[in-house]
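The values are calculated or read from the model by the stated rules, or taken from the named source; none is laboratory data. Because the structure is predicted, anything quoted here is derived from the model rather than measured. Cβ placement follows ideal geometry from the backbone for every residue including glycine, while neighbour counts extend to all protein chains displayed. Accessible surface is based on the protein model in full, side chains and every heavy atom, while ligands, DNA and RNA are left aside. Shrake-Rupley method; radii C 1.70, N 1.55, O 1.52, S 1.80 Å.
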Amino acid sequence: QVQLVESGGGLVQAGGSLRLSCAVSGSIFRINAMAWYRQAPGKQRELVTAITSDGSTNYAESVKGRFTISRDNAKNTVYLQMNGLKPEDTAVYYCNAHVATTTPPFVNNYWGQGTQVTVSS
């Protein structure tokens with residue numbers, strides 16, 4: 001009953017920028033923390049960055065100073081601005097949201113379908 005739809009991935013040259021968006025819809029009572037994860041081929045999924053409902057953020061060391069997470073609570077949307085992209089940032093990026101809903105199960109963790117980001121050298 002909750003859907004996360006991501007957009008904004010693509011192919012970019014090293015040093016370039018991309019902005020990912022993730023819109024949450026459904027039987028939403030409140031969206032708590034939101035986050036972006038990524039998974040490169042042959043590697044485990046890793047946390048890139050997260051933001052709480054009051055705007056507190058944290059970042060993986062590998063993206064600090066280059067990536068910025070933000071959210072628009074009125075639009076139930078989280079963004080990831082990625083600057084200074086490197087080939088090692090190439091991965092499928094997944095949106096994640098911890099959502100309190102108006103219907104069972106009332107609280108759950110939800111994932112988007114993923115969006116491919118490819119950075120060429």
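For every residue, the table says whether it meets (1) modelled with pLDDT under 95; (2) on the phi < 0 side of the Ramachandran plot; (3) not acidic (Asp, Glu).
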site: Glu6; (1), (2), (3): no, yes, no
site: Gln13; (1), (2), (3): no, yes, yes
site: Phe29; (1), (2), (3): yes, yes, yes
site: Trp36; (1), (2), (3): no, yes, yes
site: Leu47; (1), (2), (3): no, yes, yes
site: Ile69; (1), (2), (3): no, yes, yes
site: Asn83; (1), (2), (3): no, yes, yes
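Answer yes or no as to whether Val5 is in contact (Cβ under 8 Å) with a residue 24 or more places away in the chain and open to solvent by 70 Å² or more (accessible area, probe 1.4 Å). Judged against the criteria, Val5 is a match. Output the residues belonging to region 62-91 that are over 14 Å from Ile31 (Cβ atoms), open to solvent by less than 40 Å² (accessible area, probe 1.4 Å) and assigned to a strand (DSSP E or B). Residues satisfying the conditions are Phe67, Leu80, Met82, Ala91.
Within region 2-58, the set of residues being touching a Phe, Trp or Tyr at 6+ places or on another chain (Cβ under 7 Å) and hydroxyl-bearing (Ser, Thr, Tyr) comprises Ser21, Tyr37, Thr49. Between Ile69, Ile31, which is more than 25 Å from Thr102 (Cβ to Cβ), out of contact with any Pro (no Cβ under 6 Å at 6 or more places or on another chain) and of a type in the set (A, V, I, L, M)? On inspection, the qualifying residue turns out to be Ile69. Restricted to region 102-118, and to residues there that are in contact with a strand residue (DSSP E or B) (Cβ under 6 Å, 6 or more places away or on another chain) and assigned to a strand (DSSP E or B), the residue that is farthest from Ser7 (Cα to Cα) is Val107. Within region 92-121, track down each residue that is open to solvent by less than 60 Å² (accessible area, probe 1.4 Å) and either within 17 Å of Gly26 (Cα to Cα) or of a type in the set (D, E, K, R) (or both). Selection gives Cys95, Asn96, Ala97, Val99, Ala100, Thr101, Thr103, Tyr110, Gly112. Set side by side, the residues Ala50, Ala40, Ala14, Ala33 differ, and just one is surrounded by 12 or more Cβ atoms within 10 Å (Cβ to Cβ), of a type in the set (A, V, I, L, M), farther than 20 Å from Val117 by Cβ and in contact with a strand residue (DSSP E or B) (Cβ under 7 Å, 6 or more places away or on another chain), which is Ala33. Please count how many residues of region 17-30 are open to solvent by 20 Å² or more (accessible area, probe 1.4 Å), in contact (Cβ under 8 Å) with a residue 60 or more places away in the chain and assigned to a strand (DSSP E or B). Number satisfying all stated conditions: 6.
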